[in-house]
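Working notes, structure below.
The values are calculated or read from the model by the stated rules, or taken from the named source; none is laboratory data. Computed from a prediction, not measured in an experiment: that's the story for all the values here. For neighbour counting, all protein chains shown are included, and Cβ atoms are generated from backbone atoms with ideal geometry for every residue, glycine included.
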Amino acid sequence: MTIRRTSRYFDRHVKQQRPSHHKQDEQSRAEIPHDTELTDRLDENVGTIGNIYSSCSDVIYRHFVIAGSIRAVMIYIEGITDTNGIEQFVIAPLLKAEQSEDFRPDQLLQQTLSVAEGKAVSRFSQCIDYLSRGYAILLLEHEASGLALGMAKWEKRALEEPAAEVGIRGPREGFTETLRVNTSMLRRIIKSPRLKLETLQLGEYTQTSIVLAYIEGIAEASLVEEVRSRLCRIEIDGILESGYIEELIEDSPYSPFPQLLNTERPDVTSACLLEGRVAILVEGTPFVLVAPVTMFTMLQAAEDYYQRFWISTITRWLRYFFSIASLTLPAVYVAVLTFHQEMIPGSLLISMAASREAVPFPAFIEALMMEVSFEALREAGVRLPKQVGAAISIVGALVIGQAAVQAGLVSAPMVIVVAITGISSFMIPRYFAGTALRMLRFPLIILASTLGLLGLILGIIAIVVHMCTLRSFGVPYLSSSSTPIWSEFKDTIFRAPWWMMDTRPSLTGTTNYTRQSPNQRPEQDRGEQ
Amino acid sequence: MRRIIKLLPLLWLLASSVLLTSCWDRTELNDLALITMLAIDRTEEGGIRTSAQIIIPQNQRSGAEGGGGEGKKTIMRSEQGMNISDALSRLQRKVPRKLFWGQCKVFLIGEDLAKTGLKEHFDFLVRHPQPRERAYIFISKGPASDALELIPPIERNSSEALRELAQLQISLGVTLEETSIMLKRDSDAFALPYVTILKPSKSEDPLKTIPYIKGTAMFKNGRMIGALSEKETQGVMWVLNEIEDYTVTFNPEGKGAVSLKPVKADVKLKPLIKGDKWSLTVSIRAEGDIEENNTQLDPVDPKIQIVLEQAFKDSVRKRIEQCINQQQHRWNADIFDFAGVFHRKYPKQWEKHKGDWDSLFPKIAVSVQVEAHILRPGLVNVPGGMPQEEVIH
């Protein structure tokens, strides 16, 4: 519905649909009421730009005279343009220029200006486009074309360790908010020219640059085309984060499960690209989207591939176990405690009965209360300023863990169950996949408290059925486990050593199935052969 | 959006089916009276008296946390009725919480009731869905309810003590399920563990003790006909092939005792019908390690070993022969289910003779074949604490 309304909005404003993302000029034209050519009268040109950028205090017009006779104007946006560079490499050489020199724009670029990137512009729409990207526009008297000089420079955040995906072993740099820094990080890892980075602009007002990254020859062409076409369908006023795109291109928009991977790590993105997946980088956010994914992708951590395979395999099993626990544990506890008391070992039940004796609430209310307050604590912990965070977590731990039990509001076993559930949901390497499981645990608790284990099983069946119907860009979400694909188990149930992972995942990497040459297992006598 | 609106009635239906169902089985743990042991006795008027041992949750916390003195951990409530379920429904009136059988792992039946017949009362235990099939069943010497009021010094409650004893497999342990099978098998006799209350040491409070398994109660036609002593029970367990972690002590050549532990045995019953003559071979393979040697014999010496093994063999044979002999002639109760063994091997003859098994059973010629080995002599080879010269080689 949202989409429909947006398109109506567009119809009113843009008359014609954009046929393709490649034609950025046409897109820019939409912003300018009268997209016309530059004239050869400088004042008129500056006036038009001034009208477009009326009440924009950050647009700077620098008038000067070249060689004592030719008037020129330098237009740039303060803050995203390198002012020092303009002074040193543009204005200074121009002011010093001799009268005998050729001052046509293309000649200036070749002879006078020491700027790496410069383009001739002849339309206002181009000027606006370049200005908004940090270029400086040089307009000269008696010239119907100007120069866009690549002087973009703005404050960037330094490369930092990704906050949401930490690891002990592995590269520590994460993506930043700057798109070009992010693509450069990918290029630094995958040096092959087959790494393709297609750029397009999305967002009526934000004009956000988006890069579609894939490796030609590994990613299936049909997949790339599908992602591209889905991206081109987006018509929105602004894109501030990759989450906008994620919701606009995913297969099942109502599902609680994320169908695109979002990652802050260049190494994870590169690994996905090498598996034949496609990455979508968005200007202004360190979170990169990867598609298609399966449920197992959500449960694979970057570190799995860097440490010894035994440990990775065991860690994975632990992770699988606890991700199921994070979904079902409180529900199982409630079901068993209120319906199937005979299933609990006798002495344990007696201990539970003893600790529940003072609790005034039914187990269901108790569970709901604790789970909700845990979620509240978690949410508060994320939003809190760092300075108060520690105080709140101590209060939370004390109030919930200790005082509530001592006051007889909740029983100690329930606190243990909630704590285990909470911890286990954070064992899922992809934070947002964990959120889905944490959310689904509430309906399961309700089912378990009304129908017991029967209800719990019904709920689980419903979830599994839903997951079976999910597709991520055509790839079944539960693939390789719903219908066993034995070769896939090397990277799902196990993490096979690298010398055994000879093939790419069969669902995304079929175009170029062989990853490496076989028989690479290190052997002692191999050197002598 | 329209899709969601379409789904709304469905969601409404689902929600109401979950939330409006009137018959919730939900019972909070706080509303349950956890029964750990049920005693069934016969009243003088011929009715049934049931006594339940119920956990008191408030008093379960360990000493360090609880404080405020030592409360009783369990309480006994009893009530009479025409049959078990009648008595129990009356019992419920005296207990503010719902009686819960799911954790009742011991059923104790009074001797008086057992002697008048167990079969008719057994129906409740297998019909009612809550009692566990794997609960242990015992026959108590004297009124069964006495055992419920004991305060065991080691275990949490007397039910736990009995259950642990039955699990040790030193004495007989029979579950509800096994009993219900035994009640229906070819031979009309079976054995259940026989429990009595251990006499507490002099300094102890008379209630601070446990019930323990003293022997075996024998049943024929569903009624208790007598009890076997501890030693006789062991013979029964040999034949029933339930010997597990068990000590055998014998006197080789009458020169002091040798004990073997653990003794493992494998018993096979081989029936044979030749004409009119029914016979049965009990072949036993037994092996054990020396645990104690009070004689002057050196068990490492192969010659001596043969002597020891022979003594071991004789000892085992004697026990079993005595035991079977007693069952055949004194009690005429086929608690070993020889009837089933014959039935399986000779179904046709069995069909003919199954009516007069009572007269047939004592006449069966039983021969016992024992193959016995002593496997390990233990950490010392010569008898410990004895000078080398005194050892017989």
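Remarks
- One residue from A:Leu212, A:Leu260 being within 24 Å of A:Thr178 (Cβ to Cβ) and modelled with pLDDT of 95 or more: A:Leu212
- Restricting attention to region B:83-110, the residues that are away from every other protein chain (no Cβ under 14 Å) and assigned to a loop (DSSP other than H, G, I, E, B) total 2.
- Failed criterion for B:Gln80 (all others in (1) over 26 Å from A:Pro345 (Cα atoms); (2) in contact with a strand residue (DSSP E or B) (Cβ under 6 Å, 6 or more places away or on another chain); (3) in contact (Cβ under 8 Å) with a residue 12 or more places away in the chain; (4) not in a strand (DSSP E or B) hold): (4)
- In region A:438-454, the condition of being of a type outside the set (Ser, Thr, Tyr) and in a loop (DSSP other than H, G, I, E, B) is met by no residue.
- Test result for A:Thr297, among the β-branched types (Val, Ile, Thr), within 16 Å of A:Ala433 (Cα to Cα) and assigned to a helix (DSSP H, G or I): yes
- Looking at A:Ser312, A:Ser229, just one residue is more than 18 Å from the chain's Cα centre (by Cα) and in the same structural domain as A:Gly434 (by TED's automatic domain parsing), and that residue is A:Ser312.
- Qualifying residues in region A:432-457 (those that are closer than 23 Å to A:Phe296 by Cα and without any contact (Cβ under 8 Å) to a residue 12 or more places away in the chain) - the one nearest to the other protein chains (Cβ to nearest Cβ): A:Ile457
- As a summary of the residue check, B:Asn221 satisfies the conditions (1) under 26 Å from B:Val341 (Cα atoms); (2) surrounded by fewer than 21 Cβ atoms within 10 Å (Cβ to Cβ); (3) touching a helix residue (DSSP H, G or I) at 6+ places or on another chain (Cβ under 7 Å) except for the one numbered (3).
- Within region A:307-342, considering residues that are part of a helix (DSSP H, G or I), in contact (Cβ under 8 Å) with a residue 12 or more places away in the chain and within 14 Å of chain B (Cβ to nearest Cβ), the one surrounded by the fewest Cβ atoms within 10 Å (Cβ to Cβ): A:Val336
Residue-wise test of (1) part of a loop (DSSP other than H, G, I, E, B); (2) at pLDDT below 85; (3) within 23 Å of A:Tyr431 (Cα to Cα).
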position	(1), (2), (3)
A:Leu147	no, no, no
A:Glu155	yes, yes, no
A:Ala158	yes, no, no
A:Ala164	yes, yes, yes
A:Pro171	yes, no, yes
A:Gly174	yes, no, yes
A:Arg180	no, no, no
A:Thr183	no, no, no
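- A:Met467 under 26 Å from the mean Cα position of the chain (by Cα), closer than 23 Å to A:Thr508 by Cβ, outside any loop (DSSP other than H, G, I, E, B) and away from every other protein chain (no Cβ under 12 Å): yes
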